[in-house]
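The values are calculated or read from the model by the stated rules, or taken from the named source; none is laboratory data. Worth saying up front: this structure is predicted, and the values here are computed from it rather than measured. Ideal geometry is used to build each Cβ from the backbone, glycine not excepted, and the neighbour counts take in all protein chains shown. Calculation scope for accessible area: heavy atoms of the full protein, side chains included, ligands and nucleic acids excluded. Shrake-Rupley method; radii C 1.70, N 1.55, O 1.52, S 1.80 Å.
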Amino acid sequence: MLSLAMIILAILAFWALIMIIGTIKFKDSESVEVAPFQLIWRTKRFLNFIYKVGREKKNFWKIYGDVGIVVGFIGMGVVLYYLTRQAYKILHPQGPVVPGAQLVIPGVTIPLTYGLIALAVLLIVHELSHGLVAVAEGIPLKSVGLVLFFIIPGAFVEPDEDAFKKAPLRSRLRVLGAGSFANIIVALIALLIINGIGLAFEPAGVEVQGVVKGSPAEGILHPGDVIVGIDGKNFTTIEEFIRIMNETRPNQTITVTVLKNGKIETLKITLAEHPEKPGKGFIGIYPTQHLISKIGFTRELMTLFFTFYWIYVLNIGIGLMNLLPLYPLDGGRMLMDTLTEKFPRVGKPIGYSIVALSLVLLIINILPSIRGLTG
């Protein structure tokens, strides 16, 4: 709780400083807009590039936008189904409650460096895709820019809203669907790269990610230790480690072969009873698969692996969540525009009902992650 309080105080101090600077330096600025917990920077600097690429390949971006419409509505159905299923599991738990949606906070809920890189990639491809399709559809752009809302960074390509509203439905849907479609494409490319990098690695034991407080391993094993054997049985995979541990009993003393700081050590640990598996031994660690490179450059390859891993996770996760039929997300605008134009009499009530349902589902799915942050 102390760390959370410190984070909140730091965020409030940051925004107090931003408000002071905004009042003094950017009061009459057209490019920088400062409001409580909102910072926006606009520029026209990159518009020429977007106009050039969008106009030169107009037919390509129209086809791209059509595919984006199809992917958008399919993704909308997928995310609604997923959140509904997870909401049922949260409301009727059969075990540990797993949140269906997670807050994305670099340095808190995701790694700081990898998270910032992945967010930058996500925002750039998403907004650039919107802009290119808008230009291909003849919708003028006013600016591009960056936004920070509380602790959530963002980027935007700002079309002329009046021109956008007057554009045909198909044109609007192309523009709206293009952003998440770009994120899904990037996620699939990142997944291919992850699998390619993975071919260079082989399992080499079980790494200790953390130690359960008060468990038999506390004070004996430490994060970063690599377990390579138990009672003389050597292993390389986490599956083998789990199988061996399932054969142990409470109060049994085991001999653990561990790689600590490059040196092999043999340690004895007396097991407790597993809290979720009565009659089974419990060592008290958070294990993960330890990997080494078959071609060297282990650290460099692992850096690349986790960079593309987080690019994949955020692009697929946020790309799909952006298709949730909820205003002001792209999915909500796609749904409402389609329903109100195709079904003028009943479109709005149906659309608002789906939006309300989506909001309820999102709240149910995100509450466990908020509880986890607040303890």
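A few notes on this one:
- Residues of region 23-79 satisfying the condition of being in contact with a Leu (Cβ under 7 Å, 6 or more places away or on another chain), farther than 24 Å from L173 by Cβ and of a type in the set (F, W, Y): W41
- Selection within region 149-176: residues that are of a type in the set (F, W, Y) and not in a strand (DSSP E or B). The member of this set that is modelled with the lowest pLDDT is F150.
- Within region 119-142, no residue that is touching a residue at least 24 places away in the same chain (Cβ under 8 Å) sits with its Cβ atom under 7 Å from a residue that is crowded, with 20+ Cβ neighbours inside 10 Å and in a loop (DSSP other than H, G, I, E, B) at 6+ positions apart or across chains.
- Failed item, numbered, when T303 is tested on (1) farther than 30 Å from L191 by Cα; (2) part of a helix (DSSP H, G or I): (1)
- Within region 15-30, residues that are open to solvent by less than 90 Å² (accessible area, probe 1.4 Å) sit with their Cβ atoms under 9 Å from residues that are in a helix (DSSP H, G or I), at 6+ positions apart or across chains, in these pairs: S29/G22.
- Hey, R170 of a type outside the set (V, I, T), open to solvent by less than 60 Å² (accessible area, probe 1.4 Å) and touching a residue at least 40 places away in the same chain (Cβ under 8 Å) or not: no
- Some residue of region 311-322 being surrounded by 19 or more Cβ atoms within 10 Å (Cβ to Cβ), without any contact (Cβ under 8 Å) to a residue 40 or more places away in the chain and not in a helix (DSSP H, G or I): no
- Scanning region 62-105 for residues that are of a type in the set (A, V, I, L, M, F, W, C) and touching a Lys or Arg at 6+ places or on another chain (Cβ under 8 Å) yields a total of 3.
- Look at (1) open to solvent by less than 90 Å² (accessible area, probe 1.4 Å); (2) in contact (Cβ under 8 Å) with a residue 40 or more places away in the chain; (3) not in a loop (DSSP other than H, G, I, E, B) and you find that R55 fails only one, number (1).
- Subset of region 176-205 [touching a His at 6+ places or on another chain (Cβ under 6 Å) and either surrounded by fewer than 24 Cβ atoms within 10 Å (Cβ to Cβ) or not small (G, A, S) (or both)]: N183, A204
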